[in-house]
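Here is the structure we will look at, set down as structure tokens.
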Amino acid sequence: MRLWKNFCIPMIAVGYSSGDKMRELALHVLDLVQNSLRAGASLIEIEITESTDLDQLTITVRDNGCGMDEELREKVLDPFTTTRTTRRVGLGLPLMQMAAQQAGGSIAVDSAPGKGTVVKAVFQHSHIDRMPLGDMAGTVLSVIISNPDIDLVYKHRVNGREWELDTRLIKAEVGEEALGLPAVIDWLRSYLEEGQNYLYGGVTADEVSR
């Protein structure tokens, strides 16, 4: 079930205490997806591009949620900006910004009311302080299982190899309700893992598509 379904809470930081640790970038991606859900998004796109030739890792999260006005967008990377008075401090996007800057990169936020939000973070791929990407297969699987009513598109490119998962196509085949069935979850897990193997040279594209 999607939280905050009837409210428009812009895609900003969800809020962490100073003791919380983000040890891999996949957790930052999950944080951004959760913010998109709070913004009422029905379509979320995750795009990751890795290029060792360009020495660059780019993470983009795009949604069709309620978006932010210019005033809030300009403040959204401030760790003390929040749309909920019950939160002491919001650190999701500022933490992502800090992770990017520590790895020689940057972050950009593009948003407008009623037009959704795009967050793009760029990292120097080989930077000694760049966090590992982490378990993107597990992250995407958890989002799909927890939010079957949301359409999720996951695109990942690594040095010319490209792989994509689109839940709209899966739902057209098995139905939205089937996403929670053990057999479908097992298939999704296997498909995601095979996709990661393909991207990093483990299997061929034909083997993944079977």
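A short reminder: the numbers here are calculations on the coordinates, not readings from a lab. In this text the structure is predicted, and so the values were computed from the model without any measurement. Positions of Cβ are backbone-derived with ideal geometry, glycine not excepted, and every protein chain shown enters the neighbour counts.
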Revision key, fill the gap. Extension length gain for GLU71 and ALA112 (0.36 nm per residue less Cα distance), in nm, is 13.7 nm
Exercise for review: Principal axes first, then extents: for the Cα atoms of segment 96-210, list largest minus smallest coordinate on each axis, whole Å, largest first.
Suggested key: 42, 41, 21
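Please arrange ARG23, ARG73 by counting, for each residue, the other beta carbons lying within 10 Å of its beta carbon, fewest first.
Details: ARG23 9, ARG73 19.
Taking fewest neighbouring Cβ atoms as first place, the list is ARG23, ARG73.
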Exercise for review: Starting from segment 103-210, pick out the chymotrypsin sites (Phe, Trp or Tyr not before Pro) whose DSSP state is loop and whose Cβ has at most 14 other Cβ atoms within 10 Å.
Suggested key: TYR200
Check your understanding: Which residues in segment 119-157 have a backbone N closer than 14 Å to a point placed 7 Å from the Cα of LYS171 along the Cα-to-Cβ line?
Key -> 144-154
Check your understanding: So what are the ³J(HN,Hα) numbers for segment 124-141, from phi and the Karplus equation (6.51, -1.76, 1.60; θ = phi - 60°), rounded to whole Hz, Gly and Pro as x?
Key -> 6, 4, 8, 4, 5, 9, 6, 5, x, 4, x, 8, 5, 4, x, 5, 5, 4
